[in-house]
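These notes concern the structure reproduced below.
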Amino acid sequence: PANAARYTQKRYNFPSGSFRVLHYKKGGPVIHQIVMETEILVLQGSVELIPLYGVKGPTAKVSAGDALFLPGGVLKNPNPTEDTILLLAQVEFAKVGAKSSIVYGKDVKEAETVQWVQDGKEMTARNADEAKAAPANAARYSVKRYVGDGNSIRYVTMKKGKTNNGVTTGRDVIIYVPKGRMTRVEGNHTFEMVAGDAVREKLGNPGHWVVHEDGTVFIATDAPMLPGNFGPAMAALGGMMK
């Protein structure tokens, strides 16, 4: 019918998880049903979460900068006044039977993370006292961490330059780039990333980022489903997604 919800979708599939970016134009209704464990970050606009029919669950309004960790529910906005953009991640949770939760952006504190390599050892500082030991050329970036029950979404803002040197990821991570431009070097693979691209950091692979624009942003979440068993690192380029 004329009042049906219409949106475009980009899907980024990796062996250990996937991202979807849903884009609803203003003026038309937003309706999206969640039927499996999903992490959601509202990138633009606002929606109301209501439970699935016959299923108990939270009801709440969420806006840009808010995150949801859901086994199911319906997202609605009958009269959006701006475009609505939702980032959905489908990955395994580290905790069996994880509970649904909503994390509001206003409650998430932004913290600086500092990384460097010292005597062959990877060093990470997440508070001011630990950061005192960091060299002048250490990578520094800010992180907003949305913590759910069994996983988290990290919203990372980076400055221009090389972010680290050979840091080895301790788990599979999938990453979406909504803003900026950077290069991911992982083992023998190099991926040039721009806004709209996504990449997988593979468990056990050393690698680093080279950021080409101040204010570059990436959004990351753990993807622990069968981590590290599917060959080399992979990138999903936005220009190739439909």
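The values are calculated or read from the model by the stated rules, or taken from the named source; none is laboratory data. Not measured: the values here are computed from a predicted model. In this analysis, Cβ positions are derived from the backbone assuming ideal geometry, glycine residues included, and neighbour counts consider all displayed protein chains. When the accessible area is computed, the model is the full protein with side chains, heavy atoms only, and any ligands, DNA or RNA have been set aside. Shrake-Rupley method; radii C 1.70, N 1.55, O 1.52, S 1.80 Å.
Filtering region 1-41 to residues that are without any contact (Cβ under 8 Å) to a residue 60 or more places away in the chain and within 27 Å of Val96 (Cα to Cα) leaves His32, Gln33, Ile34, Val35, Met36, Thr38, Ile40.
Looking at the structure I just gave you, is Leu75 under 24 Å from Thr169 (Cα atoms), modelled with pLDDT of 90 or more and surrounded by 15 or more Cβ atoms within 10 Å (Cβ to Cβ)?
Numbers: under 24 Å from Thr169 (Cα atoms): no; modelled with pLDDT of 90 or more: yes; surrounded by 15 or more Cβ atoms within 10 Å (Cβ to Cβ): yes.
It is false that Leu75 is under 24 Å from Thr169 (Cα atoms), modelled with pLDDT of 90 or more and surrounded by 15 or more Cβ atoms within 10 Å (Cβ to Cβ).
Among residues of region 82-107 that are on the phi > 0 side of the Ramachandran plot, none has a beta-carbon under 6 Å from a residue that is modelled with pLDDT under 85 at least six positions away or on a different chain. Residues that are among the basic types (Lys, Arg), free of Cβ contacts under 8 Å to residues at least 24 places away in the same chain and open to solvent by 20 Å² or more (accessible area, probe 1.4 Å) do not occur anywhere in region 161-169.
For Thr59, the criteria (1) of a type in the set (Ser, Thr, Tyr); (2) farther than 18 Å from Val35 by Cβ; (3) touching a strand residue (DSSP E or B) at 6+ places or on another chain (Cβ under 8 Å) hold in every case but one, which is (2).
Being within 30 Å of Ala136 (Cα to Cα) and either in a loop (DSSP other than H, G, I, E, B) or not hydroxyl-bearing (Ser, Thr, Tyr) (or both) holds for only one residue in Gln9, Gln115, and it is Gln115.
Can you confirm whether region 41-64 contains a residue that is open to solvent by 40 Å² or more (accessible area, probe 1.4 Å), assigned to a loop (DSSP other than H, G, I, E, B) and modelled with pLDDT of 95 or more? The answer is yes, given that some residue of region 41-64 is open to solvent by 40 Å² or more (accessible area, probe 1.4 Å), assigned to a loop (DSSP other than H, G, I, E, B) and modelled with pLDDT of 95 or more. Scanning region 1-27 for residues that are modelled with pLDDT under 95 and touching a Lys or Arg at 6+ places or on another chain (Cβ under 6 Å) yields a single hit, Phe14.
Taking (1) open to solvent by 20 Å² or more (accessible area, probe 1.4 Å); (2) over 11 Å from Tyr146 (Cα atoms); (3) not in a strand (DSSP E or B) in turn, Pro80 satisfies each apart from (1). Taken over region 108-119, the residue count meeting the criterion of being among the acidic types (Asp, Glu) and either on the phi > 0 side of the Ramachandran plot or touching a helix residue (DSSP H, G or I) at 6+ places or on another chain (Cβ under 9 Å) (or both) is 2. Pairs linking a residue in region 124-146 that is within 25 Å of Gly65 (Cβ to Cβ) and at pLDDT 85 or above to a residue that is outside any strand (DSSP E or B) and among the hydroxyl-bearing types (Ser, Thr, Tyr), with Cβ atoms under 8 Å and 6 or more positions apart or on different chains, are Tyr141/Thr163. Could you tell me which residue of region 100-115 is nearest to the chain's Cα centre (by Cα), considering only residues that are open to solvent by less than 20 Å² (accessible area, probe 1.4 Å) and more than 30 Å from Ile34 (Cβ to Cβ)? That would be Thr113. Consider region 170-187. How many of its residues are open to solvent by 20 Å² or more (accessible area, probe 1.4 Å) and in contact with a His (Cβ under 7 Å, 6 or more places away or on another chain)? Number of matching residues: 2. Filtering region 65-77 to residues that are in a loop (DSSP other than H, G, I, E, B) and in contact with a Phe, Trp or Tyr (Cβ under 9 Å, 6 or more places away or on another chain) leaves Gly65, Asp66.
For residues that are within 22 Å of Asp222 (Cβ to Cβ) and either over 19 Å from the mean Cα position of the chain (by Cα) or buried (at least 21 other Cβ atoms within 10 Å of the Cβ) (or both), tally how many sit in region 7-40.
Summing the residues that are within 22 Å of Asp222 (Cβ to Cβ) and either over 19 Å from the mean Cα position of the chain (by Cα) or buried (at least 21 other Cβ atoms within 10 Å of the Cβ) (or both) in region 7-40 gives 9.
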